[in-house]
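Working notes, structure below.
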Amino acid sequence: MARWPIFDPHTHIDPHRPAARHFDEVLGYHYYTELAHSAGMPADRVAPELEPDTRARNLAEYLDRIDSTVQYSWLLEIARTFHRFAHDRITPRTIGELLERADHRQDGEAWDREVWAASRLEAVFLTNEFDDPLEGWDTSAYVPCLRTDDLVLKLHEPRTIERLRAASGVDVQDYAGLRKAIGALFEKFLGRGARACAISLPPDFAPRRATPRRAVTPMRKAIHGMDLRPDEREEIRCAAFWTLAEFCAEFRLPFDLMIGPIRNVYPDGVAGGRDLFDRRVSLHDYRELFNHFREVAFPVSTLSPDAAAELVAYAWIFPNVLPMGHWWYANVPAFIAQDLRARLQALPKVKLLGYYSDAYKLEFIAPKFNMYRRVLADVLAEDAIRGRGWSIDQALDVARMVLLENPRRVFAGSGRAASSPAGI
Amino acid sequence: MARWPIFDPHTHIDPHRPAARHFDEVLGYHYYTELAHSAGMPADRVAPELEPDTRARNLAEYLDRIDSTVQYSWLLEIARTFHRFAHDRITPRTIGELLERADHRQDGEAWDREVWAASRLEAVFLTNEFDDPLEGWDTSAYVPCLRTDDLVLKLHEPRTIERLRAASGVDVQDYAGLRKAIGALFEKFLGRGARACAISLPPDFAPRRATPRRAVTPMRKAIHGMDLRPDEREEIRCAAFWTLAEFCAEFRLPFDLMIGPIRNVYPDGVAGGRDLFDRRVSLHDYRELFNHFREVAFPVSTLSPDAAAELVAYAWIFPNVLPMGHWWYANVPAFIAQDLRARLQALPKVKLLGYYSDAYKLEFIAPKFNMYRRVLADVLAEDAIRGRGWSIDQALDVARMVLLENPRRVFAGSGRAASSPAGI
Amino acid sequence: MARWPIFDPHTHIDPHRPAARHFDEVLGYHYYTELAHSAGMPADRVAPELEPDTRARNLAEYLDRIDSTVQYSWLLEIARTFHRFAHDRITPRTIGELLERADHRQDGEAWDREVWAASRLEAVFLTNEFDDPLEGWDTSAYVPCLRTDDLVLKLHEPRTIERLRAASGVDVQDYAGLRKAIGALFEKFLGRGARACAISLPPDFAPRRATPRRAVTPMRKAIHGMDLRPDEREEIRCAAFWTLAEFCAEFRLPFDLMIGPIRNVYPDGVAGGRDLFDRRVSLHDYRELFNHFREVAFPVSTLSPDAAAELVAYAWIFPNVLPMGHWWYANVPAFIAQDLRARLQALPKVKLLGYYSDAYKLEFIAPKFNMYRRVLADVLAEDAIRGRGWSIDQALDVARMVLLENPRRVFAGSGRAASSPAGI
C-alpha cells in the first residue's frame, strides 16, 4: 500500500512553489508553530518578519515539547526521507545540519519534481481563490478547485464584490449580476480543468433554499457597501451558497463541504493557529440542501471528531453525501481509526473518499498519507481479515477503492455523464 | 455462546408471516435497499409494484457496491445458513440459484418453525400497533408489545382518534375519554400477554408532567378535528405520553424508549430508508420522567452513536433507566464495541439489556445476534479476561446475564411483584 | 510505573481524617451506594443514621450486582492490598471478616501514615471550602486548594455572604467589598500553601467578561437578601467568576475548571449520587475567558465523555488550556483509553495533566491511579512502542511527564516565575 500512487483531493499547495525550498517552509506549517506556541513558545519567535533560518532555529528550541505527537512524526519523516537526516530528533543542536541538507533554493523546480516522484503523486488538488488567474502550471497534475469561502462568508464586504467584478468581468450591481459573475467564474475554472468546488462553513450556518426575491434588497445593499442587519447578512450567505450549489449542479462539479470551523477564536495565536469550533453542530441543518441537489456529489468533512458518527448515518442514507477524509482536528490516528472502522463497516465501499492531506507543501503529502494508510491497514487487518475472515486480496481491493478508485471517479472532472452522485 | 437460545426483546416481525418465504422479503429489508440506493441504485428499481423476482434481481446488480458492510454479512450468513448457498457473493449471476433455494412458498408455516428452531429462538417480541387485533398466534413465543408512536405523535390527526375509538370501544370525546380508551388498550394488551410498551421519540420531544387541565382544550380541539397551534400539539404529545407512562406504572409494564429518529428527512429515499436524526439531544430532557415514574422500568435506546456515553451515565444513576441494545445507526460493531465496553465496565451487570434484532423477518435474528455475540466475546476476552484477570466462567456468567437473564427478568410479563425497576 | 510515587492534584480528602478507620467509610463512597441503589437497593439501606456495621452489611448484600464494574475492582483492590482480605468477592458471608480486618479505629493517625506510605503518595491536593480554617495539618503533604463553587453559584444566597464576611473579616456591602473579601481569601489560602483554585460549573454557564458597573446593582440586591431576576443571578455568577479569575492571574494560581455537572438531577438518589449532566456543552463558551487570562493556567476537566475530543482541540490551540485527568462519569477505562490516545497523539506532552483520584479516602488513590497507569501503559505499548517504533524508555519518559513532572510543575505553588501557563 505504501508503494501505491497518491491521489490527493484537497490541499493548499501553491502550484508555483509546491515543494519547500527552505526547511522553514516545512517548520512554518501551522501544526508546528501552533503546537510549540501552545506549549509555551511566544508567538513572536516565529514572526513573519524574521529570517527563515532564525525562525527555524527558534522553533527548534521548542520541538522537544511536542516530539511525542503524530504531527511531529510527519516532520521527522520528511527530514529523514527527503533530506537524509540521520538523527532521532530535531533539536537546537541538529537543526543547523537539517537546514543545510534541506536547502533546495538552488534546485528550483527540479526539487518539486523530485518530491513529486519520490512521493508517487498522481494528482494534487489545489484550493484556489475565486480570482486566482489559474495560469502557469500543469493543471492535470495540480488540479484547480474553486474555493468559495469568500463568496459566501464575505460577500457583504465591498472588497469581495470588487474582486468578483475584476475576476469575472461582470459589472455586478444586483443579484442577477452576481449570478452572471459566478457563472463566469465556473466557466473559467472548468475551462482550466477544475474538478471540485469547496467551502468551509461555520457551525452556525444552516443552508436554506434561496429565494432570490428575499435576497434582492440585502444583496443590493451589500453591493453598494451599505450597512446590513444580521438577518440580511444571513440572507446573503444563504443566497450565495445556494447559487453556488446550483452551478455545481449545472456544471456537474462535486461540492466539498468542510463543516465546522469558527475563525479567529484565539486571535493572538500564531498564523493558521487561531481557529476552533463549537461541537454543537448537526448535519440535520443540511437536509434541505441534500434533498434539493440530488445530482450534486457532496464530499463532506466534519471538524468536530465527535460528529463523525452522524456523518456515517447521513452518508448511509443520502446518495449524494460522501464521507471525505479526516480533517484537521480530527486528523489524528485515534479519531481516524474509530471513524474509519465505522465507515468501512456501515457504508457502501464505493462512496468512501479515504483521505486528503490538506498540505501546504508537497513534502507533507506522503507522511500524512502514510499515517492514514497505516491506520487503514490496521483496521482492515483487525476488523476485516481477523474479524470477518476476508482474504488479504479482498482487503486490498477495498483499500484501493478507498484510496484511489473512488476519488478518481468522483473527481473525474466535468462533462462526465454520471448516473449517480458517486459517479458510478 | 453461539449455541445459547435467543431472547429478542424488540423486533418488527409479523407473527402471521414471521419467516421469509421468498428471498425478496430478505433483500427488501431497508438496510439493503437504502444502502444500494445510497450507492447509486435508483429507488424505482425496488418499487413495491415490481415482481419479487425482478426486484431481487435488480437489487443484486448493486450488491457488489455494499459487500464490504456488516449489513451485507448478515445477508450472506442467511443465504449460507438457511439456504445452503455455497457461493462467496450474491451477484446477478448467482442470485437466480439463491432465489430458488430460498423459495419456501410451498412450505408455509413449516418454514417458520424451521427457522425458529435453527435459530434457537426462545421469545420474539413484536411491535404491535394499538389497534392490532392480537389474534391468531402463540403469544408466548411471539410476545405482543404495545407500540404507542401514533398515540403520542399523531393523536392530533382525526384518523388516530377514529382508530382509537374502534380499538378501545370507548367513544373518546375528551381527555377523560382518552384515558379510558388507553386504559382499555392496556387491559386488552395485557390480557393477550403483552410484556412491554414501546415508543420512538424525536429529538425535539421533552417529556413534561402532564397537567390535564392544560391539555383539556387542545385535546378537545384535536378530537374534534380542529386546527391546532404548535404549542397545543406539543401539549397533546406531552399529555398523551405522560398518560401512557402512568398506565405503564399501573400495569407494571416496562416502557421502551427509543430516542432520536426524525422521520422523513430524505423523503425520496426507499421505503424505510428516509429517517435520520439530529445528534443534539440529551437525556437531561427526560429527567422529570425518570424521577416521577420510579417504579417503571425504562429500557432506553438512543439513536445517535455519540450519545451513547450519556446513556451510560443516566443508567448508572437512575434505577429505572436500563440501557437496551444498540439501535439502527448505532448497530455497527465499531459503535457497539466502544459502547458495550463502557456499559460493562461502569454499570451494574443486572441492568444491561444486551441486544435486540429489530428484525422484520425471523432469518435476521440469528445473524444479528451472532454479530453482537462476537463483539461481546471480544470485549470480554480483551477487557475482562486479559485485562482484569477474570476466569472464562466469570465472563460467561456476565454474558449470560446480559443476553438472557436480564431481558427475561425485566420483561417477565405483568403481575410480577418486582421490588425494583430492574425486576430484582 | 506501579512503583512510582503518586502526585494527586485533585481529591476530596479530609486532612483531619484522611484514611478510612472503618470499612464503612470505604463502602460509603458514592460510587458503591449509587451503583447498588441503581441496581435495586433502596436508598435507606445506607442511611447516615444507621450504624456503620449495619450500613456496610446492608450494602454487601447488593455488591454481587455490581461486581463486574471497574469501580468494584477498586474496592476489591483496597480489601486485598490494605486489609489482606483473601476472598475473591465481598459478600454477606465475607463482609464480617473484612469489617474486622479493616477496623483501624484504634490506630488513629498511624493508619493514615501507613496508607500514605504503602501508596507511595507524594502530594494530595484537597478541595477546601473558602471558609475552611486551614489549620491542623501538614500542607506540603495535604495541599490546600480553594474551592469556589459557592462563591460563584450560591453568592445570591444570604448564607454565602455571611460565610464570606466571617472568613474574610471584610464587611461585604457591595461589589468593592466582595473584591476585597475575595482578595483576603486568596491571601489566606496562599499563605497556607494553596496551589490551585477550583470550581465545577454547570453546562449552562458561559463566562463573560465582568462589567462591574453592570453587576453593581444585582450584587447589592444579593448582599442585602433581596429577590433577584434570572438575568441578575446570571450577572452575579459571571462577575464573581471573572473576579476569581483575576485573582488567579494576580496570584499566579492555576484555576481548575471542571465543566459539566448539573446538581440534583435525581433528588431521591443516595448522597453523592444525584448529579448528572447535559451533554450539549461546548468549550466555545469559554473562549473569552481563555483569551483574556493568558497568564492563568486552566487545567480543564469535562464531564460528558463525548466532549473529550473538543478539549483536545482547545488544549491544542490555547496555551493556557491543559487537559486534566478523566473525571467522574468519564473515569472509566473505555473512555480514558480513547481520550488518552488522542491527547498523547495530538498534544504537547508537557501540557498533559494525567490523572487525579477525586478520592474521599486515601485508600482509593492507589487503586484508581493503578487503573489509569494500566490504561496508560496499554496505550503507550500499543500506539507508541508497537505502532510508532518508540523505545520503552521513550514511552516511560512520556509517562513520567504525564503522571509526575507536569503536575508538579504546573501546580508548583505561587511565587514561581513561569514564562507560560504550562509553567515552563
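Worth a mention:
- Leading residue by the ranking (nearest to the other protein chains (Cβ to nearest Cβ)) among those in the stretch A:244-271 that are part of a helix (DSSP H, G or I), under 15 Å from A:Pro421 (Cβ atoms) and open to solvent by 10 Å² or more (accessible area, probe 1.4 Å): A:Ala249
- Boolean, B:His156 is at pLDDT below 95 and either under 18 Å from the mean Cα position of the chain (by Cα) or in a loop (DSSP other than H, G, I, E, B) (or both): yes
- So C:Ala249, is it under 28 Å from C:Ser140 (Cα atoms) and either touching a residue at least 40 places away in the same chain (Cβ under 8 Å) or in contact with a Phe, Trp or Tyr (Cβ under 7 Å, 6 or more places away or on another chain) (or both): yes
- Within the stretch B:174-209, being crowded, with 21+ Cβ neighbours inside 10 Å and more than 30 Å from B:Ala141 (Cβ to Cβ) holds for B:Tyr175, B:Leu178, B:Pro203, B:Pro207.
- Of the residues making up the stretch A:295-319, those that are touching a residue at least 40 places away in the same chain (Cβ under 8 Å) and either within 14 Å of chain C (Cβ to nearest Cβ) or surrounded by fewer than 24 Cβ atoms within 10 Å (Cβ to Cβ) (or both) number 7.
Per-residue answers, yes or no, for (1) assigned to a helix (DSSP H, G or I); (2) of a type outside the set (D, E, K, R); (3) closer than 23 Å to A:Ala297 by Cβ:
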residue	(1), (2), (3)
B:Gly40	no, yes, yes
B:Arg55	yes, no, no
B:Leu59	yes, yes, yes
B:Gln71	yes, yes, yes
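- Condition met for C:Asp24 (more than 14 Å from chain B (Cβ to nearest Cβ), in contact with a helix residue (DSSP H, G or I) (Cβ under 8 Å, 6 or more places away or on another chain), modelled with pLDDT of 95 or more and more than 30 Å from C:Ala381 (Cβ to Cβ)): yes
- Residue selected from the stretch C:226-241 under the condition free of Cβ contacts under 8 Å to residues at least 40 places away in the same chain and of a type outside the set (Asp, Glu), by the criterion most open to solvent (accessible area, probe 1.4 Å): C:Arg229
- Failed item in (1) within 12 Å of chain A (Cβ to nearest Cβ); (2) free of Cβ contacts under 8 Å to residues at least 24 places away in the same chain, with C:Arg274 passing the rest: (1)
- Residue count for the stretch C:101-118 under the criterion of being closer than 17 Å to C:Lys368 by Cα and crowded, with 16+ Cβ neighbours inside 10 Å: the result is 2.
- Pairs where the first residue, in the stretch A:108-137, is within 19 Å of A:Asp358 (Cβ to Cβ) and the second is open to solvent by 50 Å² or more (accessible area, probe 1.4 Å) and among the hydroxyl-bearing types (Ser, Thr, Tyr), C-beta under 8 Å, 6+ apart: A:Ala123/A:Ser140
- Among the residues of the stretch B:27-36, those identified as more than 9 Å from chain A (Cβ to nearest Cβ) and either touching a Phe, Trp or Tyr at 6+ places or on another chain (Cβ under 7 Å) or in a loop (DSSP other than H, G, I, E, B) (or both) are B:Gly28, B:Tyr29.
- In the stretch A:326-337, residue surrounded by the fewest Cβ atoms within 10 Å (Cβ to Cβ) [restricted to those that are more than 14 Å from chain B (Cβ to nearest Cβ) and part of a helix (DSSP H, G or I)]: A:Trp328
- Selected residue (criterion: surrounded by the fewest Cβ atoms within 10 Å (Cβ to Cβ)) from residues of the stretch C:338-378 that are away from chain A (no Cβ under 14 Å) and among the polar types (S, T, N, Q): C:Asn370
- Only one entry in A:Leu151, A:Leu121, A:Leu98 is over 23 Å from A:Ile365 (Cα atoms), in contact with a helix residue (DSSP H, G or I) (Cβ under 9 Å, 6 or more places away or on another chain) and crowded, with 17+ Cβ neighbours inside 10 Å, namely A:Leu151.
- The numbered conditions (1) touching a residue at least 40 places away in the same chain (Cβ under 8 Å); (2) in contact with a Gly (Cβ under 9 Å, 6 or more places away or on another chain); (3) open to solvent by 10 Å² or more (accessible area, probe 1.4 Å); (4) under 23 Å from A:Asp383 (Cβ atoms) are all true for B:Arg65 except (1).
- Looking only at the stretch A:220-235, and only at residues there that are over 27 Å from C:Asp285 (Cβ atoms) and of a type in the set (A, V, I, L, M), the one that is nearest to the other protein chains (Cβ to nearest Cβ): A:Ala222
- Looking across the stretch B:210-224 at every residue that is outside any helix (DSSP H, G or I) and within 31 Å of the chain's Cα centre (by Cα), the one that is farthest from B:Val152 (Cα to Cα) is identified as B:Thr211.
- Meets criteria (closer than 26 Å to A:Ile199 by Cα and modelled with pLDDT under 95) for A:Ala366: no
- Tabulated pairs, the stretch A:384-406, first under 21 Å from A:Met371 (Cβ atoms) and at the interface with another protein chain (Cβ under 9 Å from one of its Cβ atoms), second of a type in the set (S, T, N, Q) and not in a helix (DSSP H, G or I), C-beta under 8 angstrom, 6+ apart or interchain: A:Ala384/B:Ser68; A:Val398/B:Ser68
- Every condition in (1) within 13 Å of chain C (Cβ to nearest Cβ); (2) surrounded by fewer than 23 Cβ atoms within 10 Å (Cβ to Cβ); (3) in a loop (DSSP other than H, G, I, E, B) holds for B:His284 except the one numbered (3).
- Every pair of residues 6+ apart whose Cβ atoms lie under 7 Å, when the first sits in the stretch C:31-52 and is open to solvent by 10 Å² or more (accessible area, probe 1.4 Å) while the second is of a type in the set (D, E, K, R): C:Gly40/C:Arg65; C:Ala43/C:Asp268; C:Val46/C:Arg55; C:Pro52/C:Asp24
- Flag for B:Pro323 being under 18 Å from the mean Cα position of the chain (by Cα), more than 11 Å from chain C (Cβ to nearest Cβ) and open to solvent by 10 Å² or more (accessible area, probe 1.4 Å): no
- Which numbered condition C:Phe85 fails, given (1) farther than 27 Å from B:Ala297 by Cα; (2) in a helix (DSSP H, G or I); (3) free of Cβ contacts under 8 Å to residues at least 24 places away in the same chain: (2)
- Within the stretch B:348-371, tally of residues that are of a type outside the set (A, V, I, L, M, F, W, C) and either assigned to a loop (DSSP other than H, G, I, E, B) or touching a Pro at 6+ places or on another chain (Cβ under 8 Å) (or both): 9
- Among the residues of the stretch A:37-65, those identified as touching a Phe, Trp or Tyr at 6+ places or on another chain (Cβ under 8 Å) and closer than 17 Å to A:Arg93 by Cβ are A:Ala56, A:Leu59, A:Leu63.
The values are calculated or read from the model by the stated rules, or taken from the named source; none is laboratory data. As the structure is a computational prediction, the values presented were derived from the model and not from experiment. Because the Cβ atoms are built from the backbone with ideal geometry, glycine has one as well, and the counts that use them run over all protein chains shown. Ligands, DNA and RNA are excluded from the accessible area calculation, which covers all protein heavy atoms including side chains. Shrake-Rupley method; radii C 1.70, N 1.55, O 1.52, S 1.80 Å.
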